[in-house]
Amino acid sequence: MKYVSVTGETKMIYDEIKNISRYRGISSNLDTAIDFLEKTDLKSLPLGKTEILDDKVFANVMEVQAKDEEELSFEIHKKYMDIQIDVEGTELILIGLGEFTEKEPFSEERDFGSCTAEKSARMIMGPGRFIVCMAQEPHLPSAAAGDDRRLKKCVIKVAVED
């Protein structure tokens, strides 16, 4: 199965966290996530899931080891967009461009599938930056950006609104 973005181009948002309020108005769920980010010290959040607005907006804080790009796959979601923020450490996040080929069948239950991307754009993260990967936008998080591969990150899942 091949995926092609609806507009044929990427829709992700990549910016500094201090500018996140500029993106209000895209959706009410995203506004809720922005409110949370503006008033929360992410370093104080426990590992695991923190509910923000039931199953519509929630944060997952995790500690991972960044890996070489070749060891990872692009992931895709249909029900949620991701806001990814590095709390400690720095990673690369790749955004898939062009056509995408399914690698792992999409699971509706997990809202997860993996794919390969024809081309990609690389974003250097690190504390103070964020990226919003829209639903159905392939992204490859947790790629190594240097020798220190320790990474603590927060992924805020934001449900797509009808």
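A few notes on this one:
- Here is the figure for the stretch 32-44: residues that are in contact (Cβ under 8 Å) with a residue 40 or more places away in the chain and surrounded by fewer than 16 Cβ atoms within 10 Å (Cβ to Cβ) total 1.
- Any hit, the stretch 71-81, residues being closer than 23 Å to Glu38 by Cβ and at pLDDT 95 or above: yes
- Selection status of Ser27, surrounded by 11 or more Cβ atoms within 10 Å (Cβ to Cβ) and under 20 Å from Glu108 (Cα atoms): no
- Figure legend. Inter-residue proximity from the stretch 51-77: first residues farther than 17 Å from Lys153 by Cα, second residues assigned to a strand (DSSP E or B) and not hydrophobic (A, V, I, L, M, F, W, C), beta-carbon distance below 6 Å, spacing 6+ or different chains. Indicated pairs: Ser73/Lys103; Ser73/Ser114; Phe74/Gly96; Ile76/Gly113.
- In the stretch 139-161, the residues that are on the phi > 0 side of the Ramachandran plot and buried (at least 18 other Cβ atoms within 10 Å of the Cβ) form Cβ pairs under 9 Å with partners that are among the aliphatic types (A, V, I, L, M) and part of a strand (DSSP E or B), at six or more places apart or across chains, as follows: Ser142/Val64; Ser142/Leu92; Ser142/Ile93; Ser142/Leu151.
- Strands (runs of 3 or more DSSP E) wholly inside the stretch 98-153 that include at least 1 residues being aromatic (Phe, Trp, Tyr): 112-124, 129-133
- The residue that is nearest to Ala59 (Cα to Cα), among those in the stretch 85-118 that are surrounded by 21 or more Cβ atoms within 10 Å (Cβ to Cβ) and within 13 Å of the chain's Cα centre (by Cα), is Ile85.
- Hits in the stretch 122-138 (condition: touching a residue at least 60 places away in the same chain (Cβ under 8 Å) and surrounded by 14 or more Cβ atoms within 10 Å (Cβ to Cβ)): Met123, Arg129, Phe130, Ile131, Val132, Cys133, Met134, Gln136, Glu137, Pro138
- Of the residues Ser21, Ser5, the single one that is modelled with pLDDT under 95 and surrounded by 11 or more Cβ atoms within 10 Å (Cβ to Cβ) is Ser5.
The values are calculated or read from the model by the stated rules, or taken from the named source; none is laboratory data. In this text the structure is predicted, and so the values were computed from the model without any measurement. Every residue, glycine as well, gets a Cβ built from its backbone with ideal geometry; the counts of neighbours run over all protein chains shown.
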